[in-house]
Amino acid sequence: MNLGGTVHVNKKGFFVLLFCTIILFIYLYSHNGTEKVINRINLRKLLAVAVQAAENGGREVVEIRNNLKIESKGKTKEGANDSVTTADYKSHCVMLHNLKANFPTVQVISEESIECGDDYSSTGTMEFDGLIDEWVHEDNIRVWIDPLDATQEYTEKLYEYVTTMVCVAINGAPVIGVIHKPFLRTTSWAWVGKSNSFDAIKPREDNVLKFIVSRSHTGKVKEAINEAFKEKEVEIISAGGAGYKVLEVVNGKADAYLHVTAIKKWDICAGNAILNALGGRMTTKQNTVINYSDSDDVVNENGLIATLKNHQYYVDKLK
């Protein structure tokens, strides 16, 4: 037996083996041979684009404020006018373009649904280089945007309440939240389990319970608070915009944000993510976690309670 003989490589066999290896590789990275399953999104980069989108949308909101066309979508259940403006539409198109230009396959759910052209540019990008990459399959991601929160207050020139918001939900859970105040040029963001833009959070330590509620969708919220906390000293603050109200809770200006009627999920998703990241909670009045996975289920019908601490206390009192 000649164990030291020369091994001859069959070129035809080699190429057949190489071809089979390539086919196997394609199969392993596909489903039924056609549908891609390895199509992952970098959440660190998505956060950067979300901040960019919110800020660029905010620029449109500021620039167009003195040249508005105001329309009405009708009335809310509480009888308030549901306004929409050219600023809502312009901001929507800019934000949608920013997101789709970078992540064309990600599903984006917006308050507005108009067709947008292609003449929208993107400016400025934060890189977040200090954060570690995390990859998630695109099918598990929903991006919720509110191009102009507090539209009614915007038309009344109550600009302090106005925000633009982006939220990234993974498997229905809000994970990244961005709230931009365009007239103050400040942006707040948080990524659950990773990082956030906030300084040290100091929850209120006051004997007076402060609740922040909607100024235009109050429903029976004030009566509910006064009845549930009648043994406490209570202060009720009326304000516009769900994004603004969540930030007031985060910044220690209110103990809880309470809403007792229906509210759209693009209004609350970003704030929900921020509270989750900071150890707070946002739930329905029944203490049910709000799910953001279904693009056809855009309304939270069961009110909400948003707090930075002692969430169960408020849920129990408001039952």
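The values are calculated or read from the model by the stated rules, or taken from the named source; none is laboratory data. If you're wondering where the values come from, they're calculated on a predicted model, not measured in any experiment. Cβ placement follows ideal geometry from the backbone for every residue including glycine, while neighbour counts extend to all protein chains displayed.
A few points about this structure:
- When residues of the stretch 88-105 are limited to those that are hydrophobic (A, V, I, L, M, F, W, C) and either within 17 Å of the chain's Cα centre (by Cα) or assigned to a loop (DSSP other than H, G, I, E, B) (or both), the one surrounded by the most Cβ atoms within 10 Å (Cβ to Cβ): MET95
- Residue check: THR155 meets all listed conditions (1) crowded, with 19+ Cβ neighbours inside 10 Å; (2) more than 19 Å from ALA273 (Cα to Cα) but one, namely (1).
- Test: residue in the stretch 239-247 that is buried (at least 22 other Cβ atoms within 10 Å of the Cβ), free of Cβ contacts under 8 Å to residues at least 40 places away in the same chain and out of contact with any Lys or Arg (no Cβ under 6 Å at 6 or more places or on another chain): no
- From the list LYS245, LYS230, LYS220, the lone residue that is assigned by TED's automatic domain parsing to the domain that holds MET282, closer than 30 Å to ALA53 by Cβ and either touching a Ser or Thr at 6+ places or on another chain (Cβ under 8 Å) or modelled with pLDDT under 95 (or both) is LYS245.
- The test for being within 15 Å of MET165 (Cβ to Cβ) and either without any contact (Cβ under 8 Å) to a residue 40 or more places away in the chain or basic (Lys, Arg) (or both) holds for LYS265.
- Qualifying residue in the stretch 255-274 (condition: touching a Ser or Thr at 6+ places or on another chain (Cβ under 9 Å), modelled with pLDDT under 95, assigned by TED's automatic domain parsing to the domain that holds LYS309 and crowded, with 22+ Cβ neighbours inside 10 Å): yes
- Filter pass, SER293 being closer than 27 Å to PRO147 by Cα, in a strand (DSSP E or B) and among the polar types (S, T, N, Q): no
- Of all the listed residues (ASP146, ASP139), the sole one being closer than 12 Å to ALA50 by Cα and modelled with pLDDT of 95 or more is ASP146.
- Taking each residue of the stretch 301-316 that is touching a residue at least 24 places away in the same chain (Cβ under 8 Å) and looking for partners that are surrounded by fewer than 16 Cβ atoms within 10 Å (Cβ to Cβ) and not in a loop (DSSP other than H, G, I, E, B) with beta-carbon atoms closer than 9 Å, six or more apart or interchain, yields THR307/TYR313.
- Unmet requirement for TYR89, which otherwise passes all of (1) touching a residue at least 24 places away in the same chain (Cβ under 8 Å); (2) more than 21 Å from LYS264 (Cβ to Cβ): (2)
- Residue selected from the stretch 158-181 under the condition touching a helix residue (DSSP H, G or I) at 6+ places or on another chain (Cβ under 7 Å) and not aliphatic (A, V, I, L, M), by the criterion surrounded by the most Cβ atoms within 10 Å (Cβ to Cβ): THR163
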